[in-house]
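Data first, discussion second: the structure below is written as structure tokens.
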Amino acid sequence: MKPLPRCLVLPSLVAALGAAGCVSLDEPQIPSGAVRPDQRTAVLVFPSPGPWVTQEAETKAESAAKILPGVGQLMQSVQDDGDLKTSNELRQYYNAWPRAESFRSILAEELAKAAYPGATVSWVETGAPPHVIERFNRAESVLDWRRRYLLAGPLDIKHLRDYSQVLEFDGHLVLEVNLQYGLMNNAEGNVHPALRSVSRLYRANTMKLLWSHEDGAEDKTGPRNIYEYKASPPSLSEKFDKLAMPLAAAIAGSLRSALSPAPDAGAPSGPARIGDMPPVGFEPTLPPQTTSQAEPPLTPPATGQAQTPSPGEPPPVGP
């Protein structure tokens, strides 16, 4: 069956979308003690097998449609078909981002800057066989990779990547980063480079999901026609290289923010103590979307309340 064009599908959604409300997600915290000091954390980066091109700028109506059962799946299928066709056309000229494999070392540096308490290690440093990580990132196409790893739910991804079966990960946490690179379309029909990541923190022994987060970095300066990047693939690689560090910093900041103690809404405001302040140069990133299976830690009781004078005590006498 041939999919319906977007121009025919979108009008039929207007009435349904009008009844849809806003969805707000609270920002859960990683439980206290889940990441111990010097906790060995295997940082694994799984890059997409090729560039992904968003054929058409996504409207708010289409975004809202994706949360509606049935309708969302139809809209996503129509969008995916067009995006995959455009991505395959670009891949004839730009097959892969050469420095995607080095993103792990950039992320490890940013985690250190953000004062991540664990000790980050690479796949090689854990001693795990190389063929295992290759198996964990298999996909038939870029679209298949997105569905398997980038957009998969916690239960789906567990069957694809079961870190508890890797003996070398015993006692480790696993920070997996699914890295997508490609182009995004704007309203004028031009494109700009963009990186996107979906990161998940697991306890390897039990495959318990402690944290999940989506981050992105884009270069909207000087949008071009997609044919310019086809004619000059190295210029696209240069754009991705410049976006790598901002994305790594965003991932590290999001993870560090989730490790911070939850504020006590009922506690009186006061000056921050030195021990409560983040590292110099660290700016926490406000996440657009976070999911977690862990419950937020208990809020510590408020302390330091001022004493109230007894009712019969006379006011002090001035000079």
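Read-outs: derived from the displayed coordinates by stated rules, not from any lab. The structure displayed is predicted, hence computed values, not measured ones. Methodologically, a virtual Cβ is constructed for each residue, glycine included, from the backbone with ideal geometry; neighbour enumeration extends over all protein chains shown.
For ARG104, the shell of other residues with beta-carbons less than 14 Å away shows a net charge of -4, using +1 for Lys and Arg and -1 for Asp and Glu. Neighbour counts of C-beta atoms inside 10 Å place TYR93, TYR202 in the sequence TYR93, TYR202, starting with the fewest. When ARG203, ARG138 are arranged by Cβ crowding within 10 Å, least crowded first, meaning fewest neighbours, the order is ARG138, ARG203.
Summarising the strand pairing of the stretch 130-207, around 100 percent of its internal DSSP beta bridges are antiparallel.
Can you put MET184, MET245 in order, fewest other beta carbons within 10 Å first?
Arranged by neighbour count, lowest to highest, MET184, MET245 become MET245, MET184.
Distance check, please: which entries in LYS85/LYS230; LYS158/LYS208; LYS85/LYS242 exceed 18 angstrom between their Cα atoms?
LYS85/LYS242
Once the chain from LYS208 to ASP81 is taken as fully extended at 0.36 nm per residue, the excess over their C-alpha distance is 42.4 nm.
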